[in-house]
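Heads up, the thing below is written out as structure tokens.
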């Protein structure tokens, strides 16, 4: 039996998905004859809202077929074999004197450890923050008291920064490693829809449960997770190989180290430099988050006509899903773009260092909050910020300035779009209809001129971007939209150079991966990079005890 993917089946939004599977069935049997198809299912689905008067659903259908046709015939008709199988594992012949050690329990570290545990390598994972339950308690305590736990917070702890997010799982459709990630998420509590949606999401409420289940699975398969344990340095032999790591919990022997720290690992970067691991500065982005009413975002994206129909047709409402967008604007080689859009979500306090403000976005699975938000960020090159010493220090300077501008106590500075665009520092006004959601709003925000946070080139591009986006989506043209700043953790400020086999260019048994190493962005790509690191380790070393 073969599974074939028929892509780009475009149907009106008012038409049911059954029409897509029927189309795929007829197409295949027209090519290969009656009886060739034994079953069909929706493989992926997306909604194309570029034309409000003609919103369409775009489907990919998976068809179970009697045989695998020749590749030339498949290519001729634009049909693709599915890659639903597990990633192929090769075992090396080198022995491990001690377990592999994974630094970090975000998506890269978690899925690296899961892959190693499932294949008999019994990894040890060290994580700076807490497990999911204790981490949730630390975040609640921070919101309630303003007392930040620098080890366990919205950035650090089980599942990484993605645990407190919209839980987006955007993926390359036909990749076995991506399918592995999605399937393991579903097996451990994520909704089935992540397997078929082109823009799948889990939501923080479901993701916290799923992360906890995956970590328990790692331990059930022989792995060990040490929380509240930070990396301090390496112990090496005469050949430069790492034989142990020094941590806040003591020294731990290891045969290989997978470095999967996430992009907020400021302390780790300093330690790596002292250990002789070269870090290369890379471009990043900084900006702010913008909030609109969810109802206005939906009207801007979908149009009023289809929304009226959806009020009377629940199935149509479900096919529409939640209004999302992605926009960008470039001028003179510099870009400004929307990022991490959270329908029906809230702006959250992502601070992980004392006396610094960081914002991010979060949605629950239902995405039914009053506001929607996204980041609006400007690209920054290392040469733009030489006066700060490094891109990381540039970001830190913005975070500290925001703390001061908000008056301390982790109150975030907030401003309306109208006031920010005018550049005036007097007459700052609260939005008349949009209530800021950062840390619950109320006493946790301070209305302030946000142009004081950023250098002029960032302010200029933010204003140009907001005006350009206002010409594309009506909600962005509203002066009542609320801006909360700053967004500074879009990606790692550094890249750790690695060789073709995935190992560090400066240490043979160190494997940098994920966002913190500068090789991914987001939950799925980070998880996939962690899986790749595990596959590279397994290709060189055999499981312990064999």
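Subtract the Cα-Cα distance of residue 71 and residue 41 from 0.36 nm times their separation in residues, and report this length gain in nm to one decimal. Intermediate values should be presented prior to the final figure.
On the way: separation 30, 0.36 × 30 = 10.80 nm, distance 2.20 nm.
Roughly 8.6 nm would be gained on extension.
So the label point goes 7 Å from the Cα of residue 31 along Cα→C-beta, right? Which residues of region 66-105 then have their backbone N under 14 Å from it?
Residues 66-82 qualify, since their backbone N sits under 14 Å from the label point.
Let me have the relative contact order for the chain, percent, based on Cα pairs under 8 Å that are six or more residues apart. It would help to have the intermediate numbers written out before the result.
Working: 1267 pairs, mean separation 102.7, N = 546.
Taking the mean separation of contacting Cα pairs over the length of the chain, I get 19 percent.
Relative contact order, percent, of region 2-81 when contacts are C-alpha pairs under 8 Å separated by at least 6 residues?
Details: 135 pairs, mean separation 36.1, N = 80.
Relative CO of region 2-81 lands at 45 percent.
Using R₀ = 45 Å, calculate the FRET efficiency as 1/(1 + (r/R₀)^6) where r is the Cβ-Cβ separation of residue 97 and residue 2; round to 0.05. Let's see the in-between values first.
On the way: r = 44 Å, r/R0 = 0.98.
It comes to 0.55.
Using the per-residue mean of other Cβ atoms lying within 10 Å as a proxy for protection, in what order, highest first, do the peptides 216-222, 329-335 fall? Please report the intermediate quantities before stating the final value.
On the way: 216-222: 16.1, 329-335: 12.7.
The peptides rank, most packed first, as 216-222, 329-335.
If each residue of separation counts as 0.36 nm, what is the full-extension length gain between residue 11 and residue 219 once their alpha-carbon separation is subtracted?
Once the chain is fully extended between residue 11 and residue 219, it gains 70.4 nm.
Does region 8-50 come out rounded, prolate or oblate, given a ≥ b ≥ c as the square roots of the eigenvalues of its C-alpha gyration tensor, rounded meaning a/c under 1.5 and, failing that, prolate meaning a/b above b/c? Kindly include the intermediate steps, with their values, before the conclusion.
Working: a/c = 2.68, a/b = 2.40, b/c = 1.11.
Note, shape of region 8-50 comes out prolate.
As a check on your grasp of the helix formula, calculate [θ] at 222 nm for the chain: sum -39500 (n - 2.57) over DSSP H runs of n ≥ 4, divide by the residue count, round to the nearest 500.
The helix contribution divided over the chain gives -9500 deg cm²/dmol.
Considering Cα pairs under 8 angstrom that are at least six residues apart, work out the relative contact order of region 284-487 and quote it in whole percent. All intermediate terms of the calculation are to be shown ahead of the outcome.
Values: 416 pairs, mean separation 58.6, N = 204.
In percent, rounded to a whole number, it is 29.
Round to a whole angstrom and tell me the spacing of the C-alpha centers of region 372-422 and region 287-311.
Between the Cα centre of region 372-422 and that of region 287-311, the gap is 27 Å.
Decide, for region 71-144, between rounded, prolate and oblate: order the square roots of the alpha carbon gyration tensor eigenvalues as a ≥ b ≥ c, take rounded if a/c falls under 1.5, and otherwise choose prolate if a/b is larger than b/c, else oblate. Show your work: numbers first, answer last.
Working: a/c = 4.88, a/b = 1.55, b/c = 3.15.
Judged from the Cα gyration tensor, region 71-144 comes out oblate (a/c at least 1.5, b/c at or above a/b).
Send over the semi-axes of the chain's equivalent ellipsoid, whole angstrom and largest first, taken as the square roots of 5 times the C-alpha gyration tensor eigenvalues.
Details: eigenvalues 259, 254, 76 Å².
Semi-axes from the Cα gyration tensor: 36, 36, 20 Å.
Could you tell me the distance between the Cα centroids of region 484-509 and region 212-274, to the nearest Å?
16 Å
If I model a spin label as a point 7 Å beyond the Cα along the Cα-Cβ vector, how far apart are those points for residue 435 and residue 232 in nm?
Between residue 435 and residue 232, the label points sit 4.7 nm apart.
With the cut-off at 1.5 for a/c, could you classify region 426-510 from its C-alpha gyration tensor as rounded, prolate or oblate? Intermediate values should be presented prior to the final figure.
Values: a/c = 2.83, a/b = 2.21, b/c = 1.28.
Here region 426-510 falls in the prolate category.
Computed from the coordinates by the stated procedures, all read-outs in this text should not be read as laboratory data. Please read all numbers here as calculations on a predicted model, not as lab measurements. Glycine also receives a Cβ, built like all others from the backbone with ideal geometry; neighbour counts cover every protein chain displayed.
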